Amino acid sequence: SAMAAVRDVEIDPEGTFKYILVRLQRPGGGEQRDIVRGTKAAEFHNHIFEKVNPEMEKLGYECKCLGGGKIEHNSKDKKIRVFGLSTGYGKADHSVTVEILKKEYTDYEITWSDDKK
């Protein structure tokens with residue numbers, strides 16, 4: 001399906017940056033799944049959503065932002081830390097984010113907390 005063609009995770013390879021958790025759904029119900037998107041290029045969480053949303057709409061999905069936070073990605077030590085929140089979207093369920101990240105970064109140590117920094 002087209003949904004399988006959408007990558008679970010697209011985040012920057014290094015650094016600390018904002019991220020959002022997005023639910024994709026077929027209009028009128030049907031299949032749905034959650035994806036993680038994060039980048040240093042985004043000054044605000046909604047900048048990420050404003051990029052993802054049209055891309056997914058082209059593929060025939062409705063998008064809903066489930067919240068956001070920050071990701072600290074250390075590729076050298078193979079560690080990812082998920083924390084913080086989005087002022088606009090609220091805090092994503094970081095435990096869900098971590099499960100999605102683990103699918104992509106199988107050999108990483110991935111942790112999360114409700115810490116702001």
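The values are calculated or read from the model by the stated rules, or taken from the named source; none is laboratory data. What you see is a predicted model; the values in this text were computed from it and never measured. Neighbour counts run over all protein chains shown; Cβ positions are idealised from the backbone, glycine included. Calculation scope for accessible area: heavy atoms of the full protein, side chains included, ligands and nucleic acids excluded. Shrake-Rupley method; radii C 1.70, N 1.55, O 1.52, S 1.80 Å.
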Checklist outcome for this item: In the chain the accessible area split gives carbon plus sulfur, as whole percent at 1.4 Å, a share of 50 percent
Next on the checklist: With a cut-off of 8 Å between alpha carbons and a minimum separation of six or more residues, what is the relative contact order of the chain in percent?
Outcome noted: 26 percent
Checklist entry - What full-extension length gain, to one decimal in nm, is calculated for residue 64 and residue 117 as 0.36 nm per residue of separation minus the Cα-Cα distance? => result 16.5 nm
Item to check | Backbone N under 11 Å from the residue 14 label point (7 Å along Cα→Cβ), restricted to the stretch 66-106 | outcome: 74-77
Checklist entry - Once the Cα atoms of helix 94-104 and of the chain are each reduced to a long axis, what angle between those two axes, in degrees from 0 to 90 to the nearest 10, is obtained? => result 90 degrees
Checklist entry - What list of ³J(HN,Hα) couplings, whole Hz, do you get for the stretch 11-18 from phi and the Karplus terms 6.51, -1.76, 1.60, once you set θ to phi - 60° and write x for glycine and proline? => result 10, 5, x, 7, x, 10, 7, 6
Checklist entry - From the cross-link list 78/116; 91/116; 40/117; 18/76; 64/103, which pairs have alpha carbons spaced over 18 Å apart? => result 78/116; 18/76; 64/103
Checklist entry - What is the antiparallel percent of DSSP beta bridges lying wholly in the stretch 9-112, to the nearest 5? => result 75 percent
Checklist entry - Label-point separation (nm) for residue 79 and residue 44, each offset 7 Å from Cα along Cα-to-Cβ? => result 3.3 nm
Next on the checklist: Tell me the per residue accessible area of the stretch 9-112 using a 1.4 Å probe; a whole number in Å² is fine.
Outcome noted: 52 Å²
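Volume per residue, Å³, of the convex hull around the alpha-carbon atoms of the chain?
Per-residue hull volume (Cα only) is 99 Å³.
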